[in-house]
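Taking it in order: structure first as structure tokens, then the write-up.
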Amino acid sequence: MVKKRILSGMRPSGRLHLGHAEGVLSNWVKLQDEYECYYEVADFHSLTTDYQNTSGLKNNIKEMVIDWLSCGLDPDKCCMFVQSDVSEHAQLHLLLSMIVPLSWLERCPTYKEQLQQLKDRDISTYGFLGYPVLQAADILLYRADAVPVGEDQLPHLELSREIVRRFNFIYKPKAQIFLEPSALLTHCPKLPGMDGRKMSKSYNNCIYISDSAEVITKKIKQMITDPARIKVNDPGHPDVCSVYGLHKVYTSSSEVKNLTGQCKEGEIGCVACKKNLIQTLLTKMEPIHKKRKEVEKYPIQSILRKAGERAREVACSTMGEVRKTMGI
Ligand code: TRP
Ligand code: SF4
């Protein structure tokens, strides 16, 4: 049976944290066996917001790919490539940009949000506005049947679908080369960071996939718990405690139930509670840490180069058809 094809991507922003591991990566690893998978390091996408400072880009790509491999992505099972190694992305982006109405891009919710949020950077650029066109080009070049994404990316996927409809409508009598890609919605558990806010690099509150056992232990020991608990047997409020938030993701639900009762009744101290979390998390991370030691010896550049060549074959064939369809 022919496997269905999926494509997904991540911007290379450097080291990944536990939120990425629990949400996106564990899902990508599972999908490797069921689908023909293309996983892209979206470095062109990084440029849309970080074009001024590119000095760390190459290193960020390497660090992210090491994290991918440590978490179990297998270069023999999936094609993990760097977007800018496949120049067809730029070509298709250009051609699609001819047909995409400005208004579609201006009303995209992520566009408006980011303009507000990234005030420190000048992103009132042509490239940033075209972010979803670049993403559509990624998906369409590989004619992916489905795209595993988190909820935050759904507006972009919807735009890709609209672009397909418009493309097929404009160049109608010719073969329909693109099908509308569907979303494979990924459940991303909410991971609190060390300060209780959502785990995010910009808040500097992350536990990283690459953190050693010692660093993880130290970080958890430093976490703030329920501020109302001063003595060990004060009754606690697990819902305001980010240690509890992490337990909910990593500890079995029956144990979480026990913990909830014990915390509320003041039967367990925060130090002991953290100790349990450290134990659970380190057990969970052990295979990843082990794999990382191996991965550090991998020829990363050559893995990426080979994958880029494989990706280019597919991308070139699609571009051939696009040119024919558009009459250029
Ligand atoms: N925009 C996505 C993100 O920020 C990354 C991405 C780039 C992507 N190209 C893609 C995701 C294609 C899915 C499909 O997370
Ligand atoms: Fe948080 Fe655990 Fe302390 Fe309760 S016992 S406040 S869940 S660290």
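The values are calculated or read from the model by the stated rules, or taken from the named source; none is laboratory data. This one's a predicted model, so the numbers in the text were calculated from it and none came from an experiment. Because the Cβ atoms are built from the backbone with ideal geometry, glycine has one as well, and the counts that use them run over all protein chains shown.
Got at least one residue in the stretch 204-212 being in a loop (DSSP other than H, G, I, E, B) and either over 19 Å from Met285 (Cβ atoms) or in contact with a Pro (Cβ under 7 Å, 6 or more places away or on another chain) (or both)? For the stretch 204-212, residues in a loop (DSSP other than H, G, I, E, B) and either over 19 Å from Met285 (Cβ atoms) or in contact with a Pro (Cβ under 7 Å, 6 or more places away or on another chain) (or both): present. Quick one: how many residues across the stretch 108-152 are within 8 Å of ligand 1 (Cβ to nearest atom) and at pLDDT below 95? The qualifying residues number 3.
Let's see how each residue does on (1) surrounded by fewer than 17 Cβ atoms within 10 Å (Cβ to Cβ); (2) in contact with a Lys or Arg (Cβ under 7 Å, 6 or more places away or on another chain); (3) touching a residue at least 60 places away in the same chain (Cβ under 8 Å):
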residue	(1), (2), (3)
Asn168	no, no, no
Glu180	yes, yes, no
Met199	no, no, yes
Tyr203	yes, yes, no
Ile220	no, yes, yes
Ile224	yes, no, no
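Quick check: is even one residue across the stretch 209-220 within 25 Å of Glu265 (Cα to Cα) and not assigned by TED's automatic domain parsing to the domain that holds Gly130? Steps first, answer last, please.
Within the stretch 209-220, the first condition is being within 25 Å of Glu265 (Cα to Cα), and the residues that meet it are 220.
This time we only want the ones that are not assigned by TED's automatic domain parsing to the domain that holds Gly130, so: 220.
Yes, the stretch 209-220 has at least one match.
Residues in the stretch 251-305 that are in contact (Cβ under 8 Å) with a residue 40 or more places away in the chain and surrounded by 13 or more Cβ atoms within 10 Å (Cβ to Cβ): 18 in all.
From the list Pro181, Pro192, exactly one residue is modelled with pLDDT under 95 and within 19 Å of the chain's Cα centre (by Cα). Which is it? Being modelled with pLDDT under 95 and within 19 Å of the chain's Cα centre (by Cα) holds for just one of Pro181, Pro192, which is Pro192. Going by what's in this entry, would Ile177 be described as more than 11 Å from ligand 1 (Cβ to nearest atom), of a type outside the set (Gly, Ala, Ser) and more than 22 Å from Lys4 (Cα to Cα)? In short, no.
Per the conditions (1) away from ligand 1 (no atom under 16 Å from the Cβ); (2) more than 30 Å from Tyr171 (Cβ to Cβ); (3) part of a helix (DSSP H, G or I), the sole criterion not satisfied by Gly266 is (3).
Selection over the stretch 221-280 of residues that are of a type in the set (Ser, Thr, Tyr) and within 14 Å of Met194 (Cβ to Cβ) gives a count of 3.
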